[in-house]
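Taking it in order: structure first as structure tokens, then the write-up.
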Amino acid sequence: MAYANSGGVKLHCEEVGSGHPILFIHEFAGDERSWEPQVRYFSRRYRCIRYAARGYLPSDVPDDPNHYSQDIAVADAIAVLDHYEVEKAHIVGLSMGGFATLHIGMKHAERASALVVAGCGYGAPKGKQGAFQAEVDILADHFERDGTEKAAAVYAGGPFRVQHQNKDPLGWAEFRAQFIEHSPRGSANTLRGVQGRRPSLYDLEAELAAVSVPTLLINGDEDEPCLDATIWLKRTMPASGLVILPRTGHASNLEEPDAFNHAAQEFFSTAEQGRWAARDPRSIADTQIVHEEEN
């Protein structure tokens, strides 16, 4: 097994394929295995790198919740790039990994050639942060009190996961089985340190608007907590494009792998050709119908 070192914490990582690097950053309920449909597809033409975040076995699971945060999650991703001596990569993240991907674009743009941000927005709306924090604390307590199997059973059957279960029962069952294997302490600490303490996207408007790295936003149309935030990101980030997958929940890369891979591949190809430019300012107007000026 290969391990990257991030401030003394060992992160299990692996690579396959050759070509321009892609770094995959997983969501809270997933791990590095969640990217299997993407790694199998993209490793035919890219160097694919994935890792288990801190708190996710076989990576280290620090006991102290203060060793988990949004900034630390970003530092961990950069440590993995450094481990493989990668100067610049396409970065792909889902949910918790999508937040890390956005922060890499804001703080380490020189390390990213393109960003794919999927299912990003949980807890972002200003008016819902209190409720989200309360849910985070309840779920963290659930992991610590009852263990991962019981907590994961509740989470995996949530309103934004049933779409996956209905479309692909075997795939959903595999996702759930992998989720159950997670460390309860690592899950609780990730909830409290990363999910519960990260800044709202809406507080980062100026920083997000300044991101010039080509960005593709992907969201399921039934992933309600992320849908409005993703549309806001599209309007805020001039170098972004938006893909909405119909009848799709949160884990879009697992639920609709072909659509996800095709959209990302088209995006990568366009970005690599230098043809993914910032939005034409002429397309932004307060009017709904533009009239030609009379001569």
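The values are calculated or read from the model by the stated rules, or taken from the named source; none is laboratory data. Owing to the predicted nature of the structure, the values given are computational and were not obtained by experimental measurement. A quick note on method: Cβ atoms are made from the backbone with ideal geometry, for glycine too, and the neighbour counts reach across all protein chains shown.
Per-structure values
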quantity: Matching option when the condition is surrounded by fewer than 23 Cβ atoms within 10 Å (Cβ to Cβ), in contact with a strand residue (DSSP E or B) (Cβ under 6 Å, 6 or more places away or on another chain) and either under 30 Å from S59 (Cα atoms) or in contact (Cβ under 8 Å) with a residue 40 or more places away in the chain (or both), among A177, A173, A156, A239; calculated: A239
quantity: In the stretch 202-227, the residues that are in a helix (DSSP H, G or I) and out of contact with any Gly (no Cβ under 7 Å at 6 or more places or on another chain); calculated: Y202, D203, L204, E205, A206, E207, L208, A209, E224, L227
quantity: Residues (part of a loop (DSSP other than H, G, I, E, B) and under 23 Å from S59 (Cα atoms)) located in the stretch 88-99; calculated: S95
quantity: Any hit, the stretch 57-72, residues being among the aromatic types (F, W, Y) and within 29 Å of A239 (Cβ to Cβ); calculated: no
quantity: Close pairs (6 angstrom Cβ cut-off, 6 or more residues apart or separate chains): free of Cβ contacts under 8 Å to residues at least 60 places away in the same chain and under 19 Å from A73 (Cβ atoms) in the stretch 1-24, crowded, with 17+ Cβ neighbours inside 10 Å and aromatic (F, W, Y) anywhere; calculated: K10/Y3; H12/Y3
quantity: Pair list, Cβ < 7 Å and 6+ apart or interchain, from the stretch 52-79 residues that are over 22 Å from P199 (Cα atoms) and without any contact (Cβ under 8 Å) to a residue 60 or more places away in the chain to residues that are charged (D, E, K, R) and in a loop (DSSP other than H, G, I, E, B); calculated: A52/D31; D60/R54
quantity: Answer residue from the stretch 210-231, given it is surrounded by fewer than 18 Cβ atoms within 10 Å (Cβ to Cβ) and of a type in the set (A, V, I, L, M, F, W, C) and is farthest from the chain's Cα centre (by Cα) among those; calculated: A210
quantity: Subset tally (residues that are surrounded by fewer than 22 Cβ atoms within 10 Å (Cβ to Cβ) and in a loop (DSSP other than H, G, I, E, B)) for the stretch 64-87; calculated: 6
quantity: Only listed residue being more than 19 Å from D228 (Cα to Cα), in contact (Cβ under 8 Å) with a residue 60 or more places away in the chain and acidic (D, E), chosen from D141, D146, D168, D137; calculated: D168
quantity: First in the stretch 201-228 and over 13 Å from G241 (Cβ atoms), second anywhere and of a type in the set (S, T, N, Q) and outside any loop (DSSP other than H, G, I, E, B), Cβ under 6 Å, 6 or more apart; calculated: E205/T236; L208/T236; A209/T236; G220/S252; E222/Q163; C226/N219; L227/N219
quantity: Options R197, R176, R185; residue that is of a type outside the set (A, V, I, L, M, F, W, C), over 16 Å from V117 (Cα atoms), at pLDDT below 95 and over 16 Å from the mean Cα position of the chain (by Cα); calculated: R197
quantity: Lone qualifier among Y68, Y3, Y84, Y41 - being farther than 28 Å from H262 by Cβ and out of contact with any His (no Cβ under 8 Å at 6 or more places or on another chain); calculated: Y68
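Conditions tested, residue by residue: (1) outside any helix (DSSP H, G or I); (2) more than 18 Å from I91 (Cβ to Cβ); (3) among the aromatic types (F, W, Y).
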position	(1), (2), (3)
N5	yes, yes, no
C13	yes, no, no
L23	yes, no, no
A29	yes, yes, no
S34	no, no, no
P62	yes, yes, no
